[in-house]
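The values are calculated or read from the model by the stated rules, or taken from the named source; none is laboratory data. All of these numbers come straight from a predicted model, not from anything done at the bench. Cβ placement follows ideal geometry from the backbone for every residue including glycine, while neighbour counts extend to all protein chains displayed.
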């Protein structure tokens, strides 16, 4: 095979998908065209994560890259606590009293703590009367269960208590 027909790709500007080819070609040449013997695993992961975030930060929010999907069982701590002082983690199931629509839900509903980007959210699982809504169809940030003023002014959110009864039912 003759070597004189090989050309360096012309990668300037953005491609038809919006990827900044010039930036990433320079990045690849700078970051990856050196011996891998110089990288610690954590450093290499950070280099690649920064590139992924630069290319499309939404991809890192997908379930494949979400910590709650990578850590089965007892998940990452949220820094918040239930009504009894038990730490709430990603993957936990929480029960909260229902203040309205009690004829529909009964006295309580259960929610799973999920992670959406960096934000812990509550996702509906079932009500006392059964699964009256599709699981996951009702979501809200976990922080909504705490006083907004106290939450935003707290030096340490671990000292906050939920506004209404919120209790751990099952550890992730």
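When you scan the stretch 58-67, do you find a residue that is modelled with pLDDT of 85 or more, within 20 Å of the chain's Cα centre (by Cα), surrounded by 14 or more Cβ atoms within 10 Å (Cβ to Cβ) and part of a loop (DSSP other than H, G, I, E, B), even just one? For the stretch 58-67, residues modelled with pLDDT of 85 or more, within 20 Å of the chain's Cα centre (by Cα), surrounded by 14 or more Cβ atoms within 10 Å (Cβ to Cβ) and part of a loop (DSSP other than H, G, I, E, B): absent. If you go through the stretch 23-57 and pick out every residue that is more than 21 Å from residue 117 (Cβ to Cβ), out of contact with any helix residue (DSSP H, G or I) (no Cβ under 9 Å at 6 or more places or on another chain) and exposed (fewer than 13 other Cβ atoms within 10 Å of the Cβ), you end up with 12.
Out of the residues in the stretch 115-140 that are within 11 Å of residue 78 (Cβ to Cβ) and surrounded by 13 or more Cβ atoms within 10 Å (Cβ to Cβ), state the one that is modelled with the lowest pLDDT. Looking at the filtered set, the residue picked out is 115. Candidates are the residues of the stretch 68-98 that are modelled with pLDDT of 90 or more and surrounded by fewer than 12 Cβ atoms within 10 Å (Cβ to Cβ); the one that is farthest from residue 128 (Cα to Cα) is 85.
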